[in-house]
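Beneath this line is the structure, given in structure tokens, with notes to follow.
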Amino acid sequence: MSVMQIEVDADDMLGRQFSELEKKNLDFAIVQASNKTAFEVRESWKRAAVKMFDRPTPLTVNAALYRKATKQKLYAEIFIRDDVSKGTPPAQYLRAQVEGGERRPKGMERLLMSAELMPRDQFAVPGKDAPRDQYGNVPSGQVRRILSQLRAGLEAGYTSNETDEGRARRLKRQRKRGGGGSFFVVQQQRGRLRPGIYERIEFAQGSAVRAMFIFVRAAVYNRRYDIFGIAEKEWNRLMPFFFERELANAVETSILRGRA
């Protein structure tokens, strides 16, 4: 995702000539104004995220970051965070919302595709029975348990026509490795079960199945999170104001210090 730079052409922006004293303080005013404008753009992106997304996570709300301008670098940079310690970075999962187009696969989906458990032209969305956190997402711990048990099933050579005895042994192995019920993948419509990931819950009198993830065709998104349009609007509104204010303050300070 592109990085936005807040740069200043002071003569062009204000359409006037500067005094010698103003020229001495231009760099300082540019740095201060760029940083204040970048901060306000970042805050606008955060407010837009809260409005546009349903129960966005703190990572999504705080995905907008900026690097400050300095005397050596007379511009500030605003960008969407592209690195996280765990999971998918916002710059990746927000790309389709910012630029439009198809959503890129998440980490779980890439693993399922590499194991040939899910077609490469599909995505996994939470099923009706999947547990959700306060943001409407399947908790990461649950996702890890699902992937762990699916890998265990592959390692054990699981097939859809395994015997009851084989299934009992596999369930025992999987519970030792990940606890919980037994997760399995349906790749083609099977009765009422759509393609997806399901959990089989065992009872004394039998078992039941619940949908954890459903596989769907890739969706094409329209541009919703228009960070570039927001940045341009905030630039036009704030940058001239901040620059004039900071330049005036710098000139006044220079006069008071006898550096005119």
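The values are calculated or read from the model by the stated rules, or taken from the named source; none is laboratory data. Here the structure is a predicted model, which means the values were calculated and not measured. Ideal geometry is used to build each Cβ from the backbone, glycine not excepted, and the neighbour counts take in all protein chains shown. Please note that ligands, DNA and RNA were not included when accessible areas were found on the heavy atoms of the full protein model with its side chains. Shrake-Rupley method; radii C 1.70, N 1.55, O 1.52, S 1.80 Å.
Numbers at a glance
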| quantity | calculated |
| --- | --- |
| Every pair of residues 6+ apart whose Cβ atoms lie under 6 Å, when the first sits in the range 222-242 and is basic (Lys, Arg) while the second is not in a helix (DSSP H, G or I) | 223/100 |
| Residue selected from the range 1-26 under the condition surrounded by fewer than 17 Cβ atoms within 10 Å (Cβ to Cβ) and part of a loop (DSSP other than H, G, I, E, B), by the criterion modelled with the lowest pLDDT | 2 |
| Sole exception among (1) open to solvent by 50 Å² or more (accessible area, probe 1.4 Å); (2) among the aromatic types (Phe, Trp, Tyr); (3) touching a Phe, Trp or Tyr at 6+ places or on another chain (Cβ under 9 Å) for residue 123, by number | (1) |
| Exclusive hit being over 30 Å from residue 42 (Cβ atoms) and at pLDDT below 90, set 115, 91 | 115 |
| Cβ-Cβ under 8 Å pairs, at least 6 apart or on other chains, the range 27-39 side without any contact (Cβ under 8 Å) to a residue 40 or more places away in the chain, far side open to solvent by 20 Å² or more (accessible area, probe 1.4 Å) and not in a helix (DSSP H, G or I) | 39/66 |
| The range 27-52: number of residues that are open to solvent by 30 Å² or more (accessible area, probe 1.4 Å) and more than 20 Å from residue 236 (Cβ to Cβ) | 5 |
| Hits in the range 40-56 (condition: among the basic types (Lys, Arg) and assigned to a helix (DSSP H, G or I)) | 42, 46, 47, 51 |
| The range 75-103, residues that are touching a helix residue (DSSP H, G or I) at 6+ places or on another chain (Cβ under 6 Å), more than 19 Å from residue 230 (Cα to Cα) and surrounded by 15 or more Cβ atoms within 10 Å (Cβ to Cβ) | 88, 103 |
| Elements of type helices (runs of 4 or more DSSP H) in the range 57-152, at least 1 residues being among the polar types (S, T, N, Q) and out of contact with any Lys or Arg (no Cβ under 7 Å at 6 or more places or on another chain) | 58-61, 107-114 |
| Residue within the range 189-201 that is modelled with pLDDT under 75, out of contact with any Pro (no Cβ under 9 Å at 6 or more places or on another chain) and farther than 30 Å from residue 18 by Cα present | no |
